[in-house]
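Let me begin by presenting the structure, written as structure tokens, before commenting on it.
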Amino acid sequence: MSVVLVTGSAGLIGSEAVRFFADRGFKVVGIDNDMRGYFFGEEGSSRGNLVRLAERYPGFINHEADIRDRAALEKLFQEYNKDIALVIHCAAQPGHNWAAREPLTDFDVNAVGTANLLEAVRCHCPKAVFILTSTNKVYGDNVNRLPFVELATRWELDQGHPYFSKGVDESMSLDQCMHSLFGVSKLAGDVLTQEYGRYFGIRTGVFRGGCLSGPGHAGVEGHGFLAYLMKCAVLGRQYHVLGYGGKQVRDNIHSYDLVSAFDHFFKAPRAGEVYNIGGSRFSHCSLQEAAALTEKITGRPMDMVLVNEARMGDHIWWVSDVSKFAAHYPGWKLTRTVEDILREIYLENAGRWTSAGR
């Protein structure tokens with residue numbers, strides 16, 4: 001039986017991938033040692049997702065290996081070897097600000113961990129497809145040099161700019177800007193994944209995501225925008241808005257829509273290819289607009305306080321142009337808007353958050 005190996009299998013995208021491919025008859029093997037608990041504390045832990053996956057899919061196997069541990073990966077890849085048809089690499093240090101606390105940990109997880117996995121694929125299952133969950137942060141704050149107009153509830157791109165109608169495409173420069181340390185470590189893994197495709201012929205694909213979201217997100221302050229916003233609304237917590245007057249814009253893609261894109265690539269891979277992937281103009285909002293939707297869904301006012309200082313290297317505005325991926329894979333489409341995502345987060349998590357008191 002073909003094996004789908006998912007790193008970060010308990011996280012938002014990893015757990016979605018486990019469900020997606022297990023439901024389609026694949027043997028799914030996970031790698032997850034709950035580093036999220038180390039990064040973000042108990043509230044950010046993904047253990048709950050792992051428990052629910054084990055209950056729903058008795059055939060699912062998770063290995064509590066660390067992707068920085070080459071010996072552990074060697075043992076695991078030797079076990080499954082050429083049965084591995086697809087590797088979906090979701091494991092990461094995902095915190096923009098957290099990376100500055102422990103830069104070496106961040107780089108070892110995001111860059112070196114990716115290198116370890118790519119080499120394991122090259123040595124043990126070179127015909128497998130390898131998908132990296134990258135990030136729009138690889139473009140750094142070059143995005144902030146675009147011409148913006150301040151509106152009542154958002155920053156918006158000037159209508160005369162080529163990116164206005166569809167968003168930012170893959171031609172955006174990666175150079176001579178501030179990325180955040182997180183953006184740099186992810187960029188290192190991103191470029192290396194491309195190189196394994198172009199140099200070694202490994203069937204690699206890089207997906208540079210906007211805000212990834214869905215009910216499986218263990219949102220915490222500083223990571224997990226929509227999930228944490230909704231949690232604050234449900235629990236009556238104060239939400240800290242970091243800069244830009246709360247008018248910063250993000251596109252938001254549901255975890256299912258992203259994994260569906262992975263599946264399309266898996267069926268017809270293009271080695272070394274790179275895609276911007278996100279909610280595009282179909283599913284995007286400012287922070288202020290997301291807060292208003294949250295109030296509409298919960299019937300409760302948000303308690304928000306503005307912190308004038310934005311995160312270093314953070315984007316004022318981001319909308320992903322997904323037209324390249326859509327042209328390569330015309331059968332794929334986005335299915336959930338921002339309001340759909342927020343409502344699903346609320347319906348699936350509100351009771352659990354309230355009963356747990358967090």
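The values are calculated or read from the model by the stated rules, or taken from the named source; none is laboratory data. For clarity, every value in this text was computed on a predicted model and none was experimentally measured. Cβ coordinates were reconstructed from backbone atoms using ideal geometry, including for glycine residues, and neighbour counts include every protein chain displayed.
Is there a residue in region 208-229 that is over 26 Å from ALA356 (Cβ atoms) and without any contact (Cβ under 8 Å) to a residue 24 or more places away in the chain? No, that holds for no residue.
Among the residues in region 282-291, are any aromatic (Phe, Trp, Tyr) and more than 30 Å from ARG101 (Cβ to Cβ)? Checked region 282-291: at least one residue is aromatic (Phe, Trp, Tyr) and more than 30 Å from ARG101 (Cβ to Cβ). Within this structure, LYS231 fails the test of being under 21 Å from SER320 (Cβ atoms) and either among the polar types (S, T, N, Q) or crowded, with 18+ Cβ neighbours inside 10 Å (or both). Check whether at least one residue in region 21-34 is in a helix (DSSP H, G or I), within 20 Å of THR114 (Cα to Cα) and out of contact with any Pro (no Cβ under 8 Å at 6 or more places or on another chain), and report yes or no. Taking every residue of region 21-34 in turn, none turns out to be in a helix (DSSP H, G or I), within 20 Å of THR114 (Cα to Cα) and out of contact with any Pro (no Cβ under 8 Å at 6 or more places or on another chain). Only one of the numbered conditions (1) part of a loop (DSSP other than H, G, I, E, B); (2) under 21 Å from the mean Cα position of the chain (by Cα); (3) among the basic types (Lys, Arg) is not met by ARG250, and that is (1). The residues in region 302-329 that are modelled with pLDDT of 95 or more and over 21 Å from TRP155 (Cβ atoms) can be counted, and the count is 7. If the condition is being surrounded by fewer than 19 Cβ atoms within 10 Å (Cβ to Cβ) and touching an Asp or Glu at 6+ places or on another chain (Cβ under 7 Å), then region 99-134 contributes no residue at all. With respect to the conditions (1) within 23 Å of TYR38 (Cα to Cα); (2) surrounded by fewer than 23 Cβ atoms within 10 Å (Cβ to Cβ); (3) modelled with pLDDT of 95 or more; (4) not hydroxyl-bearing (Ser, Thr, Tyr), LYS137 falls short on a single one, namely (2). Filtering region 1-23 to residues that are free of Cβ contacts under 8 Å to residues at least 40 places away in the same chain and not small (Gly, Ala, Ser) leaves ARG19, ASP23. Scanning region 31-79 for residues that are of a type in the set (Ser, Thr, Tyr) and either within 23 Å of LEU132 (Cβ to Cβ) or in contact with a Phe, Trp or Tyr (Cβ under 6 Å, 6 or more places away or on another chain) (or both) gives TYR38, SER46. Look at region 326-341: where a residue is polar (S, T, N, Q) and a partner is part of a loop (DSSP other than H, G, I, E, B), sitting 6+ places away or on another chain with Cβ atoms under 6 Å, you get THR337/SER283. Remark: pairs (first residue in region 75-95, hydroxyl-bearing (Ser, Thr, Tyr); second residue modelled with pLDDT of 95 or more and assigned to a loop (DSSP other than H, G, I, E, B); Cβ separation under 8 Å; 6+ apart in sequence or on different chains) = TYR80/CYS125.
Would you point out the residue of region 151-210, among those that are over 22 Å from the mean Cα position of the chain (by Cα) and surrounded by 21 or more Cβ atoms within 10 Å (Cβ to Cβ), that is farthest from ALA128 (Cα to Cα)? Per the stated criteria, the residue is ARG154.
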